[in-house]
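Note sheet for the following structure.
The values are calculated or read from the model by the stated rules, or taken from the named source; none is laboratory data. Values in this document were obtained by computation on a predicted structure and should not be read as measured data. Every residue, glycine among them, receives a Cβ derived from its backbone with ideal geometry; neighbour counts consider all protein chains shown.
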Amino acid sequence: MLAVARRMAPAIEWREGTAIELPFVAQEFNAVVCQQGFQFFTHQPQALREMHRVLIPEGRLALALWCPIDTSPGHYDLVQGLARHVSTEAATLMSKAFGLGEAEAISALLEEAGFRAIHVRQEERMARFPSPDDFTKVVVRAAVLGRMGVKVSDDALKALIVDVKAALQPYVYTDGCIFPMQALRTRTKRGHRALPSMQ
């Protein structure tokens with residue numbers, strides 16, 4: 001991903017690091033953005049403290065997080081199929097992408113990390129794919145599961161496609177497979193000082 005980013009935007013300095021120990025000095029940035037990644041972090045409170053640390057006073061943080069999986073029919077049906085044809089581990093991993101979708105939970109984490117003026121808004125958008133088959137292939141081979149290194153055999157993928165295609169028929173239109181997805185959009189400001197680290 002970084003190699004592609006460097007080719008497409010060579011004027012930007014791209015750095016790789018861990019979210020729980022950002023490779024930057026304190027108060028270096030005006031803004032921090034995390035798009036659909038925070039729910040996968042191994043230590044979320046520490047990651048937020050790091051985001052707080054690298055922001056200038058009055059700096060802003062924006063997070064995007066999927067709402068619970070039952071608000072996304074496509075992914076909900078996919079998880080059911082993964083449990084049947086691949087493994088419970090693969091289904092659990094897919095579900096994790098939707099595992100921090102409650103406004104109260106993310107607000108509490110942000111407040112604990114020292115942020116203030118916390119605003120959380122729930123939004124709905126439509127996910128669009130050429131077909132249910134394409135949706136299944138993209139997620140399993142290229143998106144969440146593919147990036148996580150989950151291996152799915154050709155036979156399991158075929159069975160998964162059959163299940164998901166049947167379940168998503170109500171969302172198939174002449175211009176493709178279109179289903180709703182809900183997400184939390186969170187924006188907040190850095191407090192003047194971080195709260196003590198909780199060990």
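Things worth noting here:
- Residues that are assigned to a helix (DSSP H, G or I) and among the charged types (D, E, K, R) were ranked within the range 1-56; the one that is surrounded by the most Cβ atoms within 10 Å (Cβ to Cβ) is Glu50.
- Scanning the range 138-170 for residues that are within 23 Å of the chain's Cα centre (by Cα), more than 12 Å from Leu78 (Cβ to Cβ) and in a helix (DSSP H, G or I) yields a count of 4.
- Within the range 1-27, residues that are closer than 21 Å to Ala143 by Cα sit with their Cβ atoms under 9 Å from residues that are basic (Lys, Arg) and at pLDDT below 95, at 6+ positions apart or across chains, in these pairs: Met1/Arg147; Leu2/Arg15.
- Test: Ala108 is closer than 21 Å to Arg49 by Cα and without any contact (Cβ under 8 Å) to a residue 40 or more places away in the chain: yes
- Among residues of the range 72-104, those that are surrounded by fewer than 21 Cβ atoms within 10 Å (Cβ to Cβ), within 20 Å of Val162 (Cβ to Cβ) and among the acidic types (Asp, Glu), counted: 0
- Identity of the residue in the range 111-137, in contact (Cβ under 8 Å) with a residue 40 or more places away in the chain and assigned to a helix (DSSP H, G or I), that ends up farthest from Val79 (Cα to Cα): Glu112
- Hits in the range 106-147 (condition: surrounded by 16 or more Cβ atoms within 10 Å (Cβ to Cβ) and among the polar types (S, T, N, Q)): Ser107, Thr136
- Checking Phe179 against (1) in contact with a strand residue (DSSP E or B) (Cβ under 8 Å, 6 or more places away or on another chain); (2) closer than 30 Å to Arg49 by Cα; (3) surrounded by 12 or more Cβ atoms within 10 Å (Cβ to Cβ), the condition it does not meet: (2)
- Among residues of the range 139-151 that are modelled with pLDDT under 75, none has a beta-carbon under 6 Å from a residue that is hydroxyl-bearing (Ser, Thr, Tyr) and in a helix (DSSP H, G or I) at least six positions away or on a different chain.
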